[in-house]
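Here the structure comes first, spelled out in structure tokens, and everything after it is commentary.
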4 protein chains.
Amino acid sequence: MSSSRTLQDYPEAMRDQVRRVREVVAGLHAELPRYELVVWTAGNVSQRVRHPQVADGSQDLFVIKPSGVSYDELTAELMVVCTLDGQLLDGTRAPSSDTAAHAYTYRHMPHVGGVVHTHSTYATAWAARGEPIPCVLTMMADEFGGPIPVGPFAVIGDDSIGRGIVDTLSGSRSPAVLMANHGPFTIGPDARAAVKAAVMCEEVARTVHISLQLGEPTPLDASHIDSLYERYQNVYGQ
Amino acid sequence: MSSSRTLQDYPEAMRDQVRRVREVVAGLHAELPRYELVVWTAGNVSQRVRHPQVADGSQDLFVIKPSGVSYDELTAELMVVCTLDGQLLDGTRAPSSDTAAHAYTYRHMPHVGGVVHTHSTYATAWAARGEPIPCVLTMMADEFGGPIPVGPFAVIGDDSIGRGIVDTLSGSRSPAVLMANHGPFTIGPDARAAVKAAVMCEEVARTVHISLQLGEPTPLDASHIDSLYERYQNVYGQ
Amino acid sequence: MSSSRTLQDYPEAMRDQVRRVREVVAGLHAELPRYELVVWTAGNVSQRVRHPQVADGSQDLFVIKPSGVSYDELTAELMVVCTLDGQLLDGTRAPSSDTAAHAYTYRHMPHVGGVVHTHSTYATAWAARGEPIPCVLTMMADEFGGPIPVGPFAVIGDDSIGRGIVDTLSGSRSPAVLMANHGPFTIGPDARAAVKAAVMCEEVARTVHISLQLGEPTPLDASHIDSLYERYQNVYGQ
Amino acid sequence: MSSSRTLQDYPEAMRDQVRRVREVVAGLHAELPRYELVVWTAGNVSQRVRHPQVADGSQDLFVIKPSGVSYDELTAELMVVCTLDGQLLDGTRAPSSDTAAHAYTYRHMPHVGGVVHTHSTYATAWAARGEPIPCVLTMMADEFGGPIPVGPFAVIGDDSIGRGIVDTLSGSRSPAVLMANHGPFTIGPDARAAVKAAVMCEEVARTVHISLQLGEPTPLDASHIDSLYERYQNVYGQ
């Protein structure tokens, strides 16, 4: 796979899917400022498009936000399409500067269908101290199944951010990781689930922070965390 | 009463009332994100529909939010109708995962006409520490008549949340209880009053928290709390 | 002046003025939720209407919000008109439960043309501790000319709130007073100025609170406060 | 240059540019309340208009907000045009009371094309303590290239605010300075860049403040700050 290929070299079903996912990803970007997870042009959402004939995922694509574009201007047409090595395949803009981290995550976590990155305030404040968020709320047990872990400090420019995300999340039930001094990355079966994880990550980061300002929250028993997590993952919703 | 009954088995006046209450409950859900009490699909509002011929309340119904549906999509049609044992009577969706707690409250507190549950940030932060909110504001004396109490830790899946709500509120003037490590539940004569209690609960949770960050609020005398509460419950409004 | 008089007993110029002031006061109420100074039905704005022929102000009226009405429903028609002894003169609703405090202020401070009351979060947090807000910001010197003072604890139902407002503000350049355990009242030459003072009071209450969370703000010299206040009151604006 | 000159004495290309910049500056003012950097009429944005024939910049103009006008009323027509000595050249309103500080900055920093001033809450809270914001976030290294410095206390009315801005920013990579007990001023190649710096200044002021509330953020190495800053200034965006 190289930059000499174009979207036309992919199956028609996949090109149709790219069209739909461009709409989905553009629409989901509106949730980031709505929930006050980002300011100005920060933050990005991506979603994987699976190749219908190559089961190992190596020929999958993903749709992501272009770099440095205002949230008011984000349309489906402006979204860009990348291969899993992080190269631009289709689109008129440069992809997000976090594209390599998204690509690494899709390459190494085949079950992941969506990735979100923000600098949401409270989650980033925990990340600046390099402290995991302890699991002291039932909603946190539901969504994260335990503490939200911290990933290593990593500078943009190579695979180190992606590797930090994958290494940290591989050993955790949490769909969110706080990259040290940087901010949260979240994953999910699709982009909508990863956006939900980003929203809930900030919500619990804020609530636990505020609780700690005036004393010590009561810890949850591991067995309660397990049963809340099991029920929520299997029963909640429609 | 069992799942073999349908809404058609209830008196026409009650079915008319169900139609009106579906509108009311759908509309009141919009107040939860507006006052920033919930994110994503969290939180729920319900209202009792009284049986016109069975005075003991055992044949009452209640209207509640479906599980895991986004606030943007909540219409009167999507609201579901349950019996007081928490079973779905009418509706195309699964009821809220907190339905059993609402049902228990309606069964054991016949004067309660509305119930609201949120994970609002400051109230939940107090709940995580298991600390009641002290009554140090005149608006808190007006609305709650004293401190906002904490209920026991209870795991979803049986009657323990409902029992915790009823046991705690039965011994208090407060229409709000902070369920430990979980979040606030509020009650009222109808759903609108319970929503107001949820809004005011977060407001006083936040204001008292912030006051405590820089020192000790001055306590209110019990006699002042009593007179403020009496006046507000009997004189305020139209 | 008694409840047997009606608005028709006042000069036509004054009745015209009442009509305009109803619009102004209804419109200014929208600023309170916009700046997040109030929730639900809390808070109120009033403006004096001067009698054109009675110079001592004793025959003035004021327009104020009705009690317990939602901010979404506030129209000019719903505003009520009261005499300076706090009695309803014109309107279909009961006046705000804070009407006596507004009336007392207008009776005893003839230069005051507008009064606002809120329970805005940070100002009320200072009020709960009974602590004045120290003057450590140039914008605070501009608007308040020194610290924002605390008024006494006073229970609703007689003149004690009004007396606390007037006594405290008579000895201060500040147009805002923090009534202990209750919340801020602000005054101005008209209702718009009193709303601005309420907005600025919360803004400086929040900023000084946050500054104090991590250390000690640098005090401003009294001479700098004086010169900032003088310039702002005389030069700023159009 | 004196008040006897008018805009008609400037080249046509410059007058056309003034018209465009009035629109830009009016539009950018809407970003200040949108990002909650200002309340009421506080804050101001300006942009330089370069003289096409006088290379030393001495004949440049700038467009700025009028004094004390509400954000809802700000139109391109209301914006005022000033010379670099801070005198009104064109417009029906008095210029912002911070005009002298903007003018001083344009006179002494010829590469600056836009200036913004706010009283945004967290940045002003740091300014009240006279503490620089330490660089502990990758987004802060990206945008500010190090800590955000504090400028001297300066009273409005002469050149001391402008001199404090210029002296402090001349020795820093940061486009933001926290003027002691006052608030942030930001600069950029144009007004949009200065608005972005004001938004990011408040964002990092808040995030670092919150991180410090519960412990010590991990410092970033100077070499990491340098490489993040270099990459962001040269690669990010389209």
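The values are calculated or read from the model by the stated rules, or taken from the named source; none is laboratory data. Given the structure is predicted, the values throughout are model-derived calculations rather than measurements. Positions of Cβ are backbone-derived with ideal geometry, glycine not excepted, and every protein chain shown enters the neighbour counts.
Brief remarks on what is shown
- Filter result (among the aliphatic types (A, V, I, L, M) and within 15 Å of D:Gly146 (Cα to Cα)) within region D:192-233: D:Ala197, D:Met200, D:Val204, D:Ala205, D:Val208, D:Leu220, D:Ala222, D:Ile225, D:Leu228
- Counting only residues that are crowded, with 20+ Cβ neighbours inside 10 Å and touching an Asp or Glu at 6+ places or on another chain (Cβ under 9 Å), region B:97-114 holds 7 of them.
- Any hit, region D:19-27, residues being within 14 Å of another protein chain (Cβ to nearest Cβ) and surrounded by fewer than 23 Cβ atoms within 10 Å (Cβ to Cβ): yes
- Verdict on B:Thr41 being buried (at least 19 other Cβ atoms within 10 Å of the Cβ) and at pLDDT below 95: yes
- Against the numbered list (1) small (Gly, Ala, Ser); (2) at pLDDT 95 or above; (3) outside any helix (DSSP H, G or I), B:Ala26 comes up short only at (3).
- Test: residue in region B:131-145 that is within 14 Å of another protein chain (Cβ to nearest Cβ) and under 30 Å from A:Val235 (Cβ atoms): no
- Of all residues making up region C:126-148, the number that are under 18 Å from the mean Cα position of the chain (by Cα) and buried (at least 24 other Cβ atoms within 10 Å of the Cβ): 7
- Test: residue in region D:59-71 that is more than 11 Å from every other protein chain (Cβ to nearest Cβ), under 14 Å from the mean Cα position of the chain (by Cα), closer than 30 Å to C:Ala30 by Cβ and not in a loop (DSSP other than H, G, I, E, B): yes
- Members of region A:149-173 found to be surrounded by fewer than 19 Cβ atoms within 10 Å (Cβ to Cβ) and in contact with a His (Cβ under 7 Å, 6 or more places away or on another chain), listed by number: A:Val155
- Total residues in region D:158-176, condition within 12 Å of another protein chain (Cβ to nearest Cβ), in contact (Cβ under 8 Å) with a residue 12 or more places away in the chain and not in a strand (DSSP E or B): 1
- Count of region D:177-214 residues which are more than 14 Å from every other protein chain (Cβ to nearest Cβ) and crowded, with 24+ Cβ neighbours inside 10 Å: 3
- Taking the numbered list (1) over 30 Å from B:Glu36 (Cβ atoms); (2) surrounded by fewer than 22 Cβ atoms within 10 Å (Cβ to Cβ); (3) in contact (Cβ under 8 Å) with a residue 40 or more places away in the chain in turn, A:Tyr71 passes all entries but (1).
- Residue ID - surrounded by the most Cβ atoms within 10 Å (Cβ to Cβ), chosen from residues in region D:215-234 that are facing another protein chain (nearest Cβ under 7 Å) and in a helix (DSSP H, G or I): D:Leu228
- Residues (among the acidic types (Asp, Glu) and closer than 29 Å to B:Asn181 by Cβ) located in region A:135-192: A:Asp142, A:Glu143
- For the criterion of being surrounded by 17 or more Cβ atoms within 10 Å (Cβ to Cβ) and more than 14 Å from chain B (Cβ to nearest Cβ), C:Leu88 fails.
- Test: residue in region D:30-49 that is in contact with a His (Cβ under 6 Å, 6 or more places away or on another chain), under 30 Å from C:Glu230 (Cα atoms) and more than 14 Å from chain C (Cβ to nearest Cβ): yes
- Within region D:121-130, the residues that satisfy the criterion of being within 9 Å of chain C (Cβ to nearest Cβ) and on the phi < 0 side of the Ramachandran plot are D:Thr121, D:Tyr122, D:Thr124, D:Ala125, D:Trp126, D:Ala127, D:Ala128, D:Arg129.
- Inclusion of C:Met14 among residues that are within 21 Å of the chain's Cα centre (by Cα) and either at pLDDT 95 or above or closer than 20 Å to C:Val199 by Cα (or both) is not warranted.
- Selection status of B:Ala55, at pLDDT below 95, over 23 Å from B:Ala100 (Cβ atoms) and in a loop (DSSP other than H, G, I, E, B): yes
- Qualifying positions in region C:137-185 - on the phi > 0 side of the Ramachandran plot and modelled with pLDDT under 95: C:Gly157
- When the test is whether a residue is within 14 Å of another protein chain (Cβ to nearest Cβ) and at negative phi, B:Leu78 passes it.
- Failed criterion for B:Ala94 (all others in (1) surrounded by 17 or more Cβ atoms within 10 Å (Cβ to Cβ); (2) farther than 30 Å from C:Gly151 by Cα; (3) in contact (Cβ under 8 Å) with a residue 40 or more places away in the chain hold): (3)
- Qualifying residue in region A:35-49 (condition: over 24 Å from D:Met140 (Cα atoms), within 20 Å of the chain's Cα centre (by Cα) and assigned to a loop (DSSP other than H, G, I, E, B)): no
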